Amino acid sequence: MTLPPILLEGYSNFRSGRYVSEAERYLSLGEGVQRPRVMIIACCDSRAAPETIFDAGPGEIFVVRNVANLVPPYAPDGGHHSTSAALEFAVLSLGVKHVVVMGHGRCGGIRAAVQSGDPLTHTDFIGSWMRAIKDVVRFVPRGEGTPDHIHERHIERASIEHSLANLRTFPWLRAKVNAKEVSLHGVWFDISLGELHAYDEQQATWSGVEVGKE
């Protein structure tokens, strides 16, 4: 089997670099079980990898990625729910203490949902998956003269807020949040500037995360 050259080169660099410097950690992880304290639900956009943004080492964060970093509502109907299954595993089996929904700027999934008549809405899966965003779009007002990318940013952030609300529809997660055993967080990453913004649910506001401060 031949892998694409970019993957072979990357693996070679990993083996000669990071693996060598963290060999003991990898050995320990391989012989034991994972115990991450943080779960991140992120977009599968190749430009916004949580492990890179948070400079995470192996075993530090449990990541699930999907188109537009969506969290569906609790719906135990026997269907295929990969994000919900990952959430259940992280909370009930791994015992994570923090669940983070991480969106980002210039999200292609959000853009496809905003633009009417986009061909993605007529494919097998994207249209159904992004239907929830269509509902969010209807409740995000657009001021006169607002540029497309600013309007999309508002929707990207509103979608994160919507996903945070959906997290609370999972009864076992809601119970842990109410007992202060798990905390929920929303963040948005600016790809161009490398800046992270966090959502304050109590104040319903977004603000930039200052480096060196919690």
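Quick rundown of the values:
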quantity	calculated
Cα→Cβ-extended label distance, 7 Å offset, between THR2 and ALA165, nm	5.2
Alpha-carbon spread of the chain, three principal axes, descending order, Å	56, 46, 43
Amide H within-cut-off set for THR169, under 5 Å, with H built and near neighbours excluded	TYR74
Three-way shape call for the stretch 1-42 based on the alpha-carbon gyration tensor, with the a/c threshold at 1.5	oblate
Additional length obtainable on full extension of the chain from CYS44 to LEU94, 0.36 nm per residue less Cα span	15.8 nm
Convex hull of the stretch 130-174 built on C-alpha atoms - directionally averaged projected area, nm²	3.4
For peptides 59-72, 164-177, 8-21, 99-112, sequence by mean Cβ density within 10 Å, most packed first	99-112, 59-72, 164-177, 8-21
Over the chain: helical MRE at 222 nm, DSSP H runs n ≥ 4 each giving -39500 (n - 2.57), nearest 500	-10500 deg cm²/dmol
Nitroxide proxy distance, nm - points 7 Å out along Cα→Cβ at GLU195 and VAL209	1.5
Accessible surface, per residue, of the stretch 35-81 when the full set of protein chains is kept, probe 1.4 Å, Å²	52
Reach of LYS97 by Cα under 20 Å, taken over aspartates and glutamates that are not fewer than 8 positions away in the same chain	GLU51, ASP55, GLU60, GLU88, GLU161, GLU181, ASP200, GLU201, GLU214
Along each principal axis, Cα extent of the stretch 101-185, largest first, Å	43, 33, 19
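The values are calculated or read from the model by the stated rules, or taken from the named source; none is laboratory data. Since this is a predicted model, take the numbers as computed values, not measurements. So basically every Cβ, Gly included, is an ideal-geometry build from the backbone, and we count neighbours across all protein chains shown. The accessibility values were calculated without ligands, DNA or RNA, using every heavy atom of the protein model including side chains. Shrake-Rupley method; radii C 1.70, N 1.55, O 1.52, S 1.80 Å.
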